[in-house]
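Chemist: Structure in structure tokens, see below.
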Amino acid sequence: MRHDWNSLIDPLDEGELDGKARRRLLMQNYSLEYYPRAEDLSRYLRDFAAQKLAGYVSYNTDVLSIDRQTPDSEFAVNTSKGLYTCKNVVMATGLHTPKRGPKQLWHPKVIGYHELPADPKMFTGKRVAIFGSGNAAFEAASAISKVSAHVDIYSTSEIKLAHQNHYPGALRIPNAGVLDQYLLKSLDTYIHLSQESFDQMRISDAFKALAITFNNEFETEMIVARGKEHKCTPLQGCHVYDYIIRAMGWEFDASIFSPSVAPAVEKPGEITKRGGKYPSMTAAYESKNVSGLFFAGALAHALDFGQSAGGFIHGFRYTSRALVRYLNVKNHGGTWSNVILSGRRNAFEHALARINTVSSLYQMYGVLADVMYLNVGDILNKSDPFAGVRYFHDVPLRMIQEGYFGSLANDTAPEDTLSGVRLLVTITLEYGVGFSGRFVLDHARLHPTGRPWTRAEKEKPPDLFLHPVLRLYQCSHRGCSRSLRKRNLVHEMHLKEELSTDWTDKYLHQQRLERFLERVQSTASAPRVLSLRVVYLRVIEWLRRES
């Protein structure tokens, strides 16, 4: 499913059914379009639910409220079909409340993106302004510009193009046609506003239409007040439109929660520029202020917003599975998906196969990792330190950093002795450092920053496109919490980029992987060096706490 953006994970993918053959339900059987039509996706989802989830979903059920008497009591979920009580609630409602945006856009005649008709004929021959800088704004502009007199897009945010920053939520080229029309002098325009201009903006009823002014000058105000439309020009900071559209995106709706269990939302700058879009959550997808309340689907994208694909089916199918695995361990004593390695050769074969086949690491690049976890105390007397080591699949890196991995790995070893020394191997797929921005298509001749390549860089070019990255960390905390940082990094290996994502070359991939595993083994076999390193790291941590 590396190149399948719209199929869901089959609940039976986790295991086999006594060797029986089964038919996987994939979106490609419903549409071969790169961007499938909504009705095709809807048909696929209905069939998936009927065939794979029968008996697990209560349809036509309105959730009226969610409450809890005390932090230790169960949730009370009041629905149109009765009251349910539960230990955990998982919200997977997506972002479906239109953002009103700043108060400057609250004029009653401003149209929300969600209110737009499918047929743009109402805009025929009209002057239209759209506020927003994402796909919603540009999608609307592309449709309306076919019939309107002209369309102006206003934004205070920088336009971010998906092909430049590898983020599928950024502006996609199919929606960016208005930029062509603007730069090829076809009347439609893109206007980047300074925050000062936006703060001074005013929308008024004027000239039997709507006027937007961007300054508080008396002369401009008089132009509007006296109805002198011929003087309302951009040079005067005055613009006239028949329609103004607000396309600022969507946000989380917490209206069904009682005040006692209302989840906190992100603050401005925490995830998004203006805040309030996502609930605030831990690395385990749990509300930061309401224990037992978890988030899945597009809401979980809060943890990789602007970075990876967690806001879309091809991403959140894996973060949702990570949440299920976490809850299975936490609530039912289950185990995170893993295999027990028989030795270094087995580690090599399993890692190479995963690197070349799994879609989870491929789609959630830089977010999910395969992990090998070695406790030095357990392997000191082994000729092959990989024997018996568990290889964990698709672990969110933030779960490791924020201290959740210790319980997932059932790590109970002490932290203050040599037996408490841990080695953590992470395997991720990542783009090259800095490989984003306006020069991504000029990489044959320019560094991502725009400067020419140096001679040394030309002779040994860095890996820029998506490629496997292997890192070895050494730590003393259980689960290596707070240890994914430079001073804990022992070794890092990049497997050579390969545009067809076939990382099986004997020299550029297999030998590099072998050398990395050799380095892991040699590190694991040097307990004195590890012990001294642990002392050094603890001294550094103590000095940081005292400073």
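The values are calculated or read from the model by the stated rules, or taken from the named source; none is laboratory data. Every value quoted in this text rests on a predicted model; they were computed, and no experiment measured them. FYI the Cβ positions are ideal-geometry reconstructions off the backbone, even for glycines, and counts take in every protein chain you see.
Chemist: Quick one: what pairs do we get from the stretch 45-60, first residue without any contact (Cβ under 8 Å) to a residue 60 or more places away in the chain, second hydroxyl-bearing (Ser, Thr, Tyr) and not in a loop (DSSP other than H, G, I, E, B), C-beta under 9 Å, 6+ apart or different chains?
Modeler: 58/79
Chemist: Ok, one more. With the requirement that a residue be surrounded by 12 or more Cβ atoms within 10 Å (Cβ to Cβ) and of a type in the set (Ser, Thr, Tyr), what does the stretch 59-115 give you?
Modeler: Listed by number, the residues that qualify are 61, 65, 73, 79, 84, 93, 97, 113.
Chemist: Given the residues 100, 68, which is the only one that is out of contact with any Leu (no Cβ under 7 Å at 6 or more places or on another chain), of a type in the set (Lys, Arg) and modelled with pLDDT under 90?
Modeler: Of the residues listed, the single one that is out of contact with any Leu (no Cβ under 7 Å at 6 or more places or on another chain), of a type in the set (Lys, Arg) and modelled with pLDDT under 90 is 100.
Chemist: Now for a different question. Identify all residues within the stretch 432-484 that are under 25 Å from the mean Cα position of the chain (by Cα), in a loop (DSSP other than H, G, I, E, B) and over 28 Å from residue 170 (Cα atoms); write none if there are none.
Modeler: Result: 481, 482, 483.
Here's the yes/no breakdown for (1) surrounded by fewer than 21 Cβ atoms within 10 Å (Cβ to Cβ); (2) outside any loop (DSSP other than H, G, I, E, B); (3) touching a residue at least 40 places away in the same chain (Cβ under 8 Å):
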| residue | (1), (2), (3) |
| --- | --- |
| 347 | no, yes, yes |
| 362 | yes, yes, yes |
| 371 | no, yes, yes |
| 383 | yes, no, no |
| 411 | yes, no, yes |
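Chemist: Right, something else. Between a residue in the stretch 227-253 that is free of Cβ contacts under 8 Å to residues at least 24 places away in the same chain and any residue that is surrounded by 19 or more Cβ atoms within 10 Å (Cβ to Cβ), which pairs come within a Cβ distance under 6 Å, given they are 6 or more apart or on different chains?
Modeler: Pairs found: 231/223; 236/220.
Chemist: I need every pair where a residue in the stretch 395-407 that is on the phi > 0 side of the Ramachandran plot has its Cβ under 7 Å from the Cβ of a residue that is not basic (Lys, Arg), sequence separation at least 6 or different chains.
Modeler: The qualifying pairs are 403/479; 403/481.
Chemist: Can you name the number of the only condition in (1) within 30 Å of residue 499 (Cα to Cα); (2) modelled with pLDDT under 95; (3) touching a Leu at 6+ places or on another chain (Cβ under 9 Å) that residue 391 fails?
Modeler: With respect to (1) within 30 Å of residue 499 (Cα to Cα); (2) modelled with pLDDT under 95; (3) touching a Leu at 6+ places or on another chain (Cβ under 9 Å), residue 391 is out only on (2).
Chemist: Restricting attention to strands (runs of 3 or more DSSP E) lying wholly within the stretch 205-282, give those where 3 or more residues are of a type in the set (A, V, I, L, M), at pLDDT 90 or above and in the same structural domain as residue 152 (by TED's automatic domain parsing).
Modeler: 209-213
Chemist: I need the full set of residues from the stretch 285-308 which are outside any helix (DSSP H, G or I) and within 21 Å of residue 66 (Cα to Cα), in order please.
Modeler: 285, 286, 287, 288, 289, 290, 291, 292, 293, 294, 295, 296
Chemist: Would you confirm, using the coordinates I've provided, whether residue 153 is touching a Pro at 6+ places or on another chain (Cβ under 7 Å), among the β-branched types (Val, Ile, Thr) and at pLDDT 95 or above?
Modeler: no
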